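Inspection log for the structure reproduced underneath, given as structure tokens.
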Amino acid sequence: MQFTVAAKKLTDLPTELLEHILCFPVLKHVDICNVSCCCKRLHDVCHGRGKVWGHQYKLRWPRLQRFYRQNECCDWLKEYKTRHRVGIQIRRTVESISKRFFTEVVLGDSFAEIESLGMPEHFCEDELLFILNSDKRKSLTLKYYAKKILYFLRQQNILRSLKTFLEQPAEQQSALEGAVLVDQYCNPLADVTLDSISAQLDEITEKVKKMLRIKNSSHPSLHIAQEDFELQRQVVCALNSVLYEQLQYKGNEFDYYNPLNSYIHQVLLRHTGIPISLSVLYMTLARKLGVQLEPVNFPNHFLLRWCQKPRGDDIYDFVYIDAFGKGKQLTAKECEYLIGHQVTADYYSAISTTEVLLRMVGNLLNIGKRGEGNEKSYQLLRDSLDLYLTINPDNVQYLLLQARLYFHLGIWPEKVLDILQHIQALDPSQHGAVGYLVQHTLEHIQHKKHPVTPEVKRRSTPEHLEVQYSVGLIMKHKRSGYNCVIYGWDPKCTMSQEWITTMRVHQLSNGANQPFYNVLVQDGTCRYAAQENLEPHSAPLEIGHPEVGRYFSEFAASHYVANEELQTRYPEDMDDTLGTVQELYHRLTSGFGEQEQACATNQTNHPATPM
């Protein structure tokens, strides 16, 4: 008896089963393209809006799923092609930036071209995040610029949101939302959202309600009549108890000028802040609990006021709350004791949300101006100026400061000219300062058209023979003990005589007449160290400096690999670095290996006595 089994082809299978097979994780987009070219049947199964390309898209770019509704009908093949194309363009742009802007101390107008590409914003951000999350020790230069581009793009987005916020009617503007926007703009790479901040405040609100129920089980909490001051007083007392006693919030008296005190997400994280940030927090919580407090722009110490009479008009009709001072309640006269002098009644008036934001950003501006002149303080100054002039675009004082800052940093010369033109229109009396900056900015634009050829330093030249160390080596400072990596050197100290005197270089055994090295230090600073003060690190480690990626492409366990731009300037250093590493660390490793082998042999010759 014979049985005939009908041979079935793959294309005879039901569509659902074919889709299931083609969604196996081992299949990549190239495989799906090849399958869809086999015949019309498989081409139809792999159509753009189908399950197969949807699966490929979600598998490759999982972070993008939040931009689509569940079960959304979408042309996944088109989305896949667009995202793939964006990835290629972004990567090319990021790779080209290092070559073009390596010599720039601060990158200003380098990233505007990303916006001009006209690509979907969420695709650009996803590719940048993909670069940043790749192998930790490799592609350091690519990650360095990807991070800066992401910073720029997110800031542009937040600035647009701030402008939309400022267009709302004053009564609809929330001080908390404004504070979150300021926080986001200064920390665009942090995960700060209004929803997450509000959720944390809701948790505190629930704690206050719980305390209210313990003290007064019939308290209405959210629905207090404006004139029922006793119920309001109970809310304020419970809020003080939860915030300052239970949760231990406090004013940061010891590190007052730390910018973290102004960022609302850091205030919630560290339970510390300055008067204005704690006041925004306190006022928002009180309003959630039915008590209306108003912000008061008191000089040198931001306050809140709480009306004690049905129609309070006089400054003595209010109690003033010091959120920095653990919610202490003050009379108008007691407020003056905080600052040590009398003020006019105007300073006790309630202010708008816009004025609250100007005060908050003004604090950050002052911190930026007090900074040490490093990239971090310049970044804070730039960010706070951007925010202040978005809120108050015609402030001549800060417009001039912004123009001077950009000019000093050598960035955005065309934008400097626009700012100066705006200043001249607002205040013609500034023509002296404006004229000076216009002249020198035009010279800067001309200078940029003729870039200087970078200096090339070869170790083999006679004047460089005393240079012992090379770029990429991980060093330790003999006196200060800090760890660092070399990113440049000079055969002799090239700093000014004033610097040499201040740093007491003459006290060194070889003084200024010895090689000096530019080093990136573990604490985030850049220093200029004498050769006699440096020694190779006995146990090389990664240097957590934000500028590492600007100079190096990879951390290779024992040293850093200089990127193309740095190698162009020090063409003979990498060979020297490899030789030094081989001599220092591989000799130690082989010594260790020999010791271990000797121990193993010894154990073989003298086996352990059995118990």
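Some values worked out for this structure:
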read-out: Selection within segment 553-570 - open to solvent by less than 30 Å² (accessible area, probe 1.4 Å) and not in a strand (DSSP E or B); value: Ser558, His559, Asn563, Glu565, Leu566, Tyr570
read-out: Subset of segment 251-277 that is in a helix (DSSP H, G or I) and open to solvent by less than 20 Å² (accessible area, probe 1.4 Å) - its residue that is nearest to Leu380 (Cα to Cα); value: Ser262
read-out: Any chance Ser384 is in the same structural domain as Pro295 (by the TED database), in contact with a helix residue (DSSP H, G or I) (Cβ under 6 Å, 6 or more places away or on another chain) and not aromatic (Phe, Trp, Tyr); value: no
read-out: Breaking point among (1) modelled with pLDDT of 90 or more; (2) over 30 Å from Leu128 (Cβ atoms), for His43; value: (1)
read-out: Tyr347, sole failed condition from (1) within 28 Å of Phe165 (Cα to Cα); (2) open to solvent by 30 Å² or more (accessible area, probe 1.4 Å); (3) outside the structural domain of Thr272 (by the TED database); (4) free of Cβ contacts under 8 Å to residues at least 60 places away in the same chain; value: (3)
read-out: Residue in segment 230-237 that is farther than 30 Å from Pro310 by Cβ and either open to solvent by 40 Å² or more (accessible area, probe 1.4 Å) or of a type outside the set (Lys, Arg) (or both) present; value: no
read-out: Residue pairs meeting the criteria (Cβ under 8 Å; at least 6 apart or on separate chains; first at pLDDT 85 or above, in segment 308-321; second open to solvent by 60 Å² or more (accessible area, probe 1.4 Å) and among the β-branched types (Val, Ile, Thr)); value: Tyr316/Thr331; Val319/Thr331; Tyr320/Thr331
read-out: Criterion (buried (at least 17 other Cβ atoms within 10 Å of the Cβ) and in the same structural domain as Glu121 (by the TED database)) met by exactly one of Leu212, Leu162; value: Leu162
read-out: Yes/no for Asp394 being open to solvent by 50 Å² or more (accessible area, probe 1.4 Å), part of a loop (DSSP other than H, G, I, E, B) and modelled with pLDDT of 90 or more; value: yes
read-out: Residue, nearest to Glu547 (Cα to Cα), within segment 372-424, restricted to residues that are without any contact (Cβ under 8 Å) to a residue 12 or more places away in the chain and among the charged types (D, E, K, R); value: Glu372
read-out: Filter result (open to solvent by 60 Å² or more (accessible area, probe 1.4 Å) and either of a type in the set (D, E, K, R) or touching a residue at least 40 places away in the same chain (Cβ under 8 Å) (or both)) within segment 571-585; value: Asp575, Glu583
read-out: Condition met for Leu399 (within 30 Å of the chain's Cα centre (by Cα) and either among the aromatic types (Phe, Trp, Tyr) or assigned to a helix (DSSP H, G or I) (or both)); value: yes
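The values are calculated or read from the model by the stated rules, or taken from the named source; none is laboratory data. Bear in mind the structure is a predicted one, so any value in this text is a computation, not a measurement. Virtual Cβ from ideal backbone geometry, glycine too; neighbours counted across all protein chains shown. Please note that ligands, DNA and RNA were not included when accessible areas were found on the heavy atoms of the full protein model with its side chains. Shrake-Rupley method; radii C 1.70, N 1.55, O 1.52, S 1.80 Å.
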